[in-house]
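K.L.:
Structure provided below as structure tokens; questions to follow.
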Amino acid sequence: MANAEVLQEGTLHCFPTGLRDENGELVNVEVSAVVYDGQRLILASDKPIPGDARSAVFAVPITAAGPDDRGLEYFTADAIKRAVKYEDFALTADGRYVLATTGFDRIDMESHALNAYNHLLIWPLGEPEQVQVVDPDPRDGVEGSLELRNKLDGAIGYPYYKIEGLAAIPGERGDGLLLFGVREQGYSHEDFDYVCRVVGAHYTVNDHGNLVFVDELREFYSFSPQQQPEVRYDCGLSSLEYDPHHQRLFLLTSFEVEEAEEERIGGYLWVVSLEAFAAGKAPTLVRTMAGDALEFGHKAEGLAILDSERLFVAYDNDRDMSLGSIDERDERHACEAPYTILRLT
């Protein structure tokens, strides 16, 4: 059994209060991805953050006292600013590179107007200015990981899907096994099911620092959260995170439902050993210290391993501004991202 206790909760100030976009609309931070690089948290909002000196991807230092947004730094390389709707980060299995994926949930093959939503990026740890696009379209001037999208089409088997998880684990070939977590699948953005599927392929990082797949993308894992009786709502996968300290994989699921004419959001945390993952065994639901199911009061979307005991959870509450237990205030500012730090036992 895996149990967790809350060590710290709070909010990160991600850009100036009152920031507005080109249409005059208030910008809302919606953190959907996070990874710890050994010194800093790298986070991303799944909505753009406007400004030449800003981007949707940024880093904040973190110490034993928690994250410090006074040291926030935006990543402004062209490829990072160009990609839209970031959904998850990961480190390569050897910890030398950062990977970032968008949602791959929309495409227009004729106009290429939606290519920004179809990106897998890689850069050396600590060197985001060296970012490269993984599996790009071979045609000049066509941006995005469109070759990868074709592979995802084949592995997932539906015309519509959304990627929200990314993790690299040790594998039998190459430099490791890269896993993509599927949250939604179906026939359109209006006709889909929430799922918890994991597809992937083995990879290597070549001499140019780019990731190359060395075998076919295929399904590796799936599970149904609703088979656990304490899961109250229909969930979809929202993040994957490899724990190299204990050779296990964390899976984050979240829900957004309407109940009694009221919107409800939240999530659950699961863990599975790499051995059990390979065997297709169901993950274990993480529980509170009292033994109850750990149910987040916010839409848990990002997960980062801080050390052998601590996890950082980021929330993407969309337009829900309530803070609940995270702060004594009732509501957050649009520039604030709520988070929780857990300790697992």
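The values are calculated or read from the model by the stated rules, or taken from the named source; none is laboratory data. Every value quoted in this text rests on a predicted model; they were computed, and no experiment measured them. Please note: Cβ atoms are built from the backbone with ideal geometry, for glycine as well, and neighbour counts cover all protein chains shown.
K.L.:
When only residues in the range 126-142 that are in a loop (DSSP other than H, G, I, E, B) and either touching a strand residue (DSSP E or B) at 6+ places or on another chain (Cβ under 7 Å) or polar (S, T, N, Q) (or both) count, which is nearest to L152 (Cα to Cα)? Show your work before the answer.
P.N.:
Quick first cut of the range 126-142, residues in a loop (DSSP other than H, G, I, E, B) only: 126-127, 131, 134-142.
Applying the additional criterion that residues be either touching a strand residue (DSSP E or B) at 6+ places or on another chain (Cβ under 7 Å) or polar (S, T, N, Q) (or both) yields 131, 134-135.
Values: V131: 22, V134: 13, D135: 12 Å.
Out of the qualifying residues, it is D135.
K.L.:
Please identify the pairs in which a residue from the range 136-152 that is more than 13 Å from F213 (Cα to Cα) has its Cβ atom under 7 Å from the Cβ atom of a residue that is surrounded by fewer than 19 Cβ atoms within 10 Å (Cβ to Cβ) and among the charged types (D, E, K, R), counting only partners at least 6 apart or on another chain.
P.N.:
Correct list of pairs: D137/E147; E143/R82.
K.L.:
So A155 fits all but one of (1) outside any helix (DSSP H, G or I); (2) buried (at least 18 other Cβ atoms within 10 Å of the Cβ); (3) of a type in the set (G, A, S); what number is the exception?
P.N.:
(1)
K.L.:
Just one of (1) over 23 Å from R183 (Cα atoms); (2) surrounded by 18 or more Cβ atoms within 10 Å (Cβ to Cβ) trips up T101, so point out which.
P.N.:
(1)
K.L.:
Got a number for residues in the range 24-34 being loosely packed, with under 12 Cβ neighbours inside 10 Å and part of a strand (DSSP E or B)?
P.N.:
Initially, the range 24-34 is screened for residues loosely packed, with under 12 Cβ neighbours inside 10 Å, giving 24-25.
Retained after the next criterion (residues that are part of a strand (DSSP E or B)): none.
Residues that pass the stated criteria total 0.
K.L.:
Look at Y194 and say whether it is closer than 22 Å to E256 by Cβ, modelled with pLDDT of 95 or more and not in a strand (DSSP E or B).
P.N.:
Working: closer than 22 Å to E256 by Cβ: yes; modelled with pLDDT of 95 or more: yes; not in a strand (DSSP E or B): no.
So Y194 does not fit the description; no.
K.L.:
Just to check your reading of the model, which residue among D108, D37, D21 is surrounded by fewer than 18 Cβ atoms within 10 Å (Cβ to Cβ), more than 19 Å from T340 (Cβ to Cβ) and touching a Pro at 6+ places or on another chain (Cβ under 7 Å)? Before the answer, list the steps.
P.N.:
Numbers: D108 fails: touching a Pro at 6+ places or on another chain (Cβ under 7 Å); D37 fails: touching a Pro at 6+ places or on another chain (Cβ under 7 Å).
Within the list D108, D37, D21, the selection yields D21.
K.L.:
Under 9 Å by Cβ, and 6 or more places apart or on different chains, what pairs join a residue from the range 96-107 that is under 12 Å from H119 (Cβ atoms) with one that is at pLDDT below 95 and of a type in the set (D, E)?
P.N.:
Pairs found: T102/D46; G103/D46.
K.L.:
Which one of these is in contact with a Pro (Cβ under 9 Å, 6 or more places away or on another chain), in contact (Cβ under 8 Å) with a residue 24 or more places away in the chain and closer than 24 Å to Y315 by Cα: P67, P128?
P.N.:
P67
K.L.:
I've got another one for you. In the range 289-345, which strands (runs of 3 or more DSSP E) lie fully inside it and hold 1 or more residues that are over 17 Å from D46 (Cβ atoms) and touching a His at 6+ places or on another chain (Cβ under 9 Å)? Please lay out each step first, then the result.
P.N.:
Values: elements: 300-305, 310-315, 336-344.
In the range 289-345, the matching strands (runs of 3 or more DSSP E) lie at 300-305, 336-344.
K.L.:
From the list E184, E241, pick out the single residue that is out of contact with any Gly (no Cβ under 8 Å at 6 or more places or on another chain), in contact (Cβ under 8 Å) with a residue 60 or more places away in the chain and either surrounded by 23 or more Cβ atoms within 10 Å (Cβ to Cβ) or in a strand (DSSP E or B) (or both). Give the steps one after another, and end with the answer.
P.N.:
Working: E184 fails: out of contact with any Gly (no Cβ under 8 Å at 6 or more places or on another chain).
Result: E241 is the single residue among E184, E241 that is out of contact with any Gly (no Cβ under 8 Å at 6 or more places or on another chain), in contact (Cβ under 8 Å) with a residue 60 or more places away in the chain and either surrounded by 23 or more Cβ atoms within 10 Å (Cβ to Cβ) or in a strand (DSSP E or B) (or both).
K.L.:
Answer yes if at least one residue in the range 222-233 is in a strand (DSSP E or B) and at pLDDT 95 or above, and no otherwise. Full working, then the answer.
P.N.:
In the first step, residues of the range 222-233 are kept if they are in a strand (DSSP E or B); the result is 222.
With the extra rule that they be at pLDDT 95 or above, the set shrinks to 222.
There is at least one residue in the range 222-233 that is in a strand (DSSP E or B) and at pLDDT 95 or above.
K.L.:
Which of the residues spanning the range 49-97 are part of a helix (DSSP H, G or I) and touching a Ser or Thr at 6+ places or on another chain (Cβ under 7 Å)?
P.N.:
Pass one, the range 49-97, residues part of a helix (DSSP H, G or I): 69-71, 78-82.
Result: I80, K81.
K.L.:
Additional query: Take the residues in the range 257-276 that are within 19 Å of the chain's Cα centre (by Cα) and without any contact (Cβ under 8 Å) to a residue 60 or more places away in the chain, then tell me which one is farthest from G171 (Cα to Cα). I'd like the intermediate steps shown before the answer.
P.N.:
In the first step, residues of the range 257-276 are kept if they are within 19 Å of the chain's Cα centre (by Cα); the result is 265-272.
Filter once more, so that each one left must be without any contact (Cβ under 8 Å) to a residue 60 or more places away in the chain: 265-268, 270, 272.
Details: I265: 35, G266: 32, G267: 29, Y268: 27, W270: 21, V272: 16 Å.
The selected residue is I265.
K.L.:
Condition first: modelled with pLDDT of 95 or more, in contact with a Gly (Cβ under 7 Å, 6 or more places away or on another chain) and closer than 24 Å to K85 by Cβ. Can you find one or more residues in the range 331-343 that meet it?
P.N.:
Yes, the conditions are met somewhere in the range 331-343.
K.L.:
Moving on to the next point. Please count how many residues of the range 205-243 are under 17 Å from L125 (Cβ atoms) and in contact with a strand residue (DSSP E or B) (Cβ under 7 Å, 6 or more places away or on another chain).
P.N.:
So the answer is 7.
K.L.:
What are the pairs, 6+ residues apart or on separate chains, where a residue within the range 1-29 that is under 25 Å from R54 (Cα atoms) has its Cβ under 8 Å from a residue that is of a type in the set (S, T, Y) and in a strand (DSSP E or B)?
P.N.:
Filtered contacts from the range 1-29: G10/Y339; T11/Y339; L12/Y339; C14/S45; V29/S45.
K.L.:
Then there is this: Those residues that are surrounded by fewer than 16 Cβ atoms within 10 Å (Cβ to Cβ) and touching a helix residue (DSSP H, G or I) at 6+ places or on another chain (Cβ under 6 Å), I need them from the range 58-81; list them, please.
P.N.:
P61
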